Amino acid sequence: MKGLVVAGTGSGTGKTSLTLALLAALKRRGIKTAAFKVGPDFIDPDLHGLAGGSASHNLDGWMLPEAENRAIFARHAQGARVAVVEGVMGLYDGADPLGEAGSSAQMAKLLGLPVLLVVNAEAMVRSLAALALGFERFDPQLTWAGLVANKLGSLNHRDLLARAMEQAPAMPFAGGLLRREEITLPERHLGLITAGEGCLGPEELDRLADWLEEGLDLEALLARLPEINPPAPAPETTVRGSGVRLGVASDRAFCFYYQENLRRLEAAGAELVFFSPLTDSTLPPGLQGLYLGGGYPELHAEKLAGNTTLAWEIARAGRDGMPIYAECGGMMYLGRQLTDLEGRAWPMCGLLPIETRMLGGLRSLGYRQVRFSADTILGPVGSLVRGHEFHYSEMTRPPGGGVYEIAGGAAAGQAQGIWQDNTLASYVHLHFGSNPQSAPSFVNACRQWRAL
């Protein structure tokens with residue numbers, strides 16, 4: 001197997017477009033790929049799945065221990081011929097301006113993969129060589145698959161850049177991609193449009209693959225990649241036949257889940273039962289718990305508000321003590337009302353004594369370490385779990401206190417970790433891989449509630 005990390009000099013260089021194009025081109029050639037995403041991102045992995053044909057998985061050097069990152073990579077890279085890891089932000093950017101934790105560079109070294117550096121070179125010629133030298137010399141422990149110049153205006157521009165890059169011989173010039181408006185990926189306030197909204201059909205993927213193959217020699221790129229041999233994943237203890245049915249909200253309004261969180265819940269003995277708060281009038285039968293992830297409830301507030309039967313059923317289940325875990329958008333849905341950008345207030349489930357409203361700009365962004373100040377469905381008091389926040393809304397009527405003790409610069413005045421009658425909710429998206437007891441604790445809480 002071979003592999004590489006696709007990284008940029010910064011955000012907006014086009015590394016996601018290049019990653020999707022590479023996955024689509026390899027799939028078109030019949031080459032099986034394994035895709036991964038560095039950092040706390042829910043949208044890019046789903047797009048990877050469309051382009052490459054198999055689920056993509058998150059890696060993160062800050063949220064997860066080194067051994068956990070290696071295990072995720074080993075588990076899901078098995079059987080692939082090429083592993084493609086999309087980076088986050090700029091190559092050297094992470095949780096700390098003076099450290100590499102959470103960066104693409106850290107992950108490349110951890111997995112022993114070379115870096116393909118993507119540069120927005122639309123206004124460069126000789127300066128590209130200077131930039132390449134700086135990136136190449138900043139960390140001598142990195143190895144390089146090459147540099148791709150993106151957003152070029154002409155083939156002549158690409159030829160000039162290739163000549164300039166002769167002054168940076170340690171960084172192979174992998175090619176240049178012409179600026180094409182028709183392949184620009186649509187965006188909204190939390191990032192790209194999601195895979196479930198049909199933004200990447202067969203025609204779009206073919207255009208991406210054609211764009212890539214016109215700009216670089218794919219065979220030469222693959223030939224430069226060293227062979228790697230990731231170890232077989234360590235065996236895990238899996239609980240079978242526990243009888244716990246866990247409802248997972250899954251539709252266009254609720255679509256932000258780490259694949260590893262879902263896998264760990266299944267390994268702990270949960271049968272995941274997916275349902276749609278947008279279209280299902282009742283919960284699936286026989287549930288012992290609910291998992292409401294993040295997403296875009298604000299874009300579907302009218303439809304969610306109109307589905308009163310399901311909202312009432314969820315609120316009743318919560319008041320009956322059914323274990324419910326909700327993150328960000330899921331928490332907003334469990335509140336009394338959600339006010340959209342037009343100032344319209346929509347009633348939600350009414351389980352939690354909170355109200356939220358959308359803002360015109362970013363409210364909170366960053367990594368968070370959570371310590372539980374009380375026993376919860378995700379673990380006992382003192383448990384540490386890591387995750388991140390990223391939202392454009394705020395609570396207008398937050399409850400007092402909170403069960404989360406936050407490290408990581410949580411927004412002042414925001415209640416964190418609402419804990420009410422076996423319901424745990426917060427703006428923080430937690431990664432269960434940061435604490436191996438989180439998923440078993442949740443499933444066990446569901447099992448105990450069923451017994452009662």
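I need two numbers for the range 1-59: Rg to one decimal and Dmax as a whole number, Cα atoms only, in Å.
Gyration radius and largest Cα-Cα distance of the range 1-59: 10.9, 31 Å.
Please give the direction-averaged projected area of the C-alpha convex hull for the range 1-128, in square nanometres with one decimal.
Reported value for the Cα convex hull: 8.1 nm².
Using only the Cα atoms, what convex hull volume per residue in Å³ does the range 64-169 have? Kindly include the intermediate steps, with their values, before the conclusion.
On the way: hull volume 12.8 nm³, N = 106.
Each residue corresponds to 121 Å³ of Cα convex hull volume.
State, to one decimal in nm, how far the label point of Thr279 lies from the label point of Ala234, with both points 7 Å from Cα in the Cβ direction.
About 4.1 nm, to one decimal.
Which order, highest average first, do 58-67, 425-434 follow once you tally other Cβ atoms within 10 Å for each residue and take the mean per peptide? Write out the running numbers ahead of the final one.
On the way: 58-67: 20.8, 425-434: 25.1.
Top of the packing list down: 425-434, 58-67.
Do you know the Lys pair count in the chain for C-alpha distances under 25 Å, with sequence separation 8 or more or different chains?
Final tally of qualifying lysine pairs is 15.
Where does each of 30-37, 96-103 land if you order them by average Cβ count within 10 Å, highest first?
Working: 30-37: 20.8, 96-103: 14.9.
Going by the mean number of other Cβ atoms within 10 Å, highest first, we get 30-37, 96-103.
Quick one: if you stick a label point 7 Å off each Cα along the C-beta vector at Leu452 and Leu178, how many nm between them?
6.5 nm
Could you give the alpha-carbon Rg of the range 244-451 over 2.2 N^0.38 Å, rounded to two decimals?
0.93
Put a dot 7 Å past each Cα toward the Cβ at Asp217 and Thr396; how far apart are the dots in nm?
Those two pseudo-labels are separated by 6.1 nm.
Rank by packing, highest mean first: peptides 134-140, 3-9, 22-28, with packing defined as the count of other Cβ atoms within 10 Å averaged across residues.
Result, highest mean first: 3-9, 22-28, 134-140.
Between Arg126 and Leu272, what is the FRET efficiency for a Förster distance of 45 Å, r being their Cβ-Cβ separation, to the nearest 0.05?
After rounding, the FRET efficiency stands at 0.25.
Whole-Hz Karplus ³J(HN,Hα) for the range 341-352, in order, using 6.51 cos²θ - 1.76 cosθ + 1.60 and θ = phi - 60°, x for Gly and Pro?
Karplus values, whole Hz, x for Gly and Pro: 5, 8, x, 7, 9, 10, x, 10, 5, x, 6, 9.
Can you pull the three principal axis extents for the Cα set of the chain, in Å, largest first?
Each principal axis gives a Cα extent; for the chain these are 70, 50, 41 Å.
With every atom except the alpha carbons ignored, what do you get for Rg and Dmax of the range 2-224, in angstroms?
Spelled out, the Cα radius of gyration and Dmax of the range 2-224 are 16.2, 46 Å.
In µm²/s, what is D for the range 126-282 at 10 °C and 1.306 mPa s, where D = kT/(6 pi eta Rh) by Stokes-Einstein and Rh is the Kirkwood radius from Cα pairs?
The diffusion coefficient I find is 78 µm²/s.
A short reminder: the numbers here are calculations on the coordinates, not readings from a lab. Being a predicted model, the structure only gives us computed values, none of them experimental. Quick reminder, even Gly has a Cβ in these numbers, built from the backbone with ideal geometry, and neighbours come from all protein chains shown.
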